[in-house]
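All remarks here apply to the structure that follows.
The values are calculated or read from the model by the stated rules, or taken from the named source; none is laboratory data. What you see is a predicted model, and the numbers here were worked out from it, not measured in a lab. Glycine gets a Cβ as well: all are built from the backbone with ideal geometry, and neighbour counts include every protein chain shown. These accessible areas exclude ligands, DNA and RNA; they are computed on the full protein's heavy atoms, side chains included. Shrake-Rupley method; radii C 1.70, N 1.55, O 1.52, S 1.80 Å.
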Amino acid sequence: QVQLVESGGGLVQAGGSLRLSCRASGRIIAIDDMEWYRQAPGKERELVAGISKGGITRYADSVKGRFTISRDNAKKMAYLQMNSLKPEDTAVYYCNAALNYGLGYGTFWGQGTQVTVSS
């Protein structure tokens, strides 16, 4: 009864920008933290950025100063603005949310969206 859907991935040149969106839907009571993770082939999934319900943010050192996470609680959406993209940013990006919903409390993942940065 909860779904997270990501969009906005694609192919960009190094130095370019991209904005990812994550939409949560279903019988949601309240969303706590929302986060963006990424996973490159053969590597572990890593936390890129997170934002609390109150808007407190945190970032991986590798993206600090380049990426900005935000959320719209009314729309149940999270965003990741990615600027000054590097080839090393190439990965599948996933949205994650911890939330209260109709059946209780749980963590949910989106399907992932591919981001490819060419050099």
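Some observations on this one:
- Region 1-60: number of residues that are within 21 Å of ASN100 (Cα to Cα), of a type in the set (Lys, Arg) and out of contact with any Leu (no Cβ under 9 Å at 6 or more places or on another chain): 1
- Restricting attention to region 56-76, the residues that are open to solvent by less than 40 Å² (accessible area, probe 1.4 Å) and either of a type in the set (A, V, I, L, M) or more than 13 Å from the chain's Cα centre (by Cα) (or both) add up to 4.
Residue by residue, here is whether (1) in a strand (DSSP E or B); (2) at pLDDT below 95; (3) among the aromatic types (Phe, Trp, Tyr) holds:
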| site | (1), (2), (3) |
| --- | --- |
| GLU44 | no, no, no |
| GLY50 | yes, no, no |
| ARG58 | yes, no, no |
| SER62 | no, no, no |
| THR68 | yes, no, no |
| PHE108 | yes, no, yes |
| VAL115 | yes, no, no |
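- Evaluated against (1) open to solvent by less than 20 Å² (accessible area, probe 1.4 Å); (2) out of contact with any Lys or Arg (no Cβ under 9 Å at 6 or more places or on another chain), ALA49 falls short on exactly one condition, (2).
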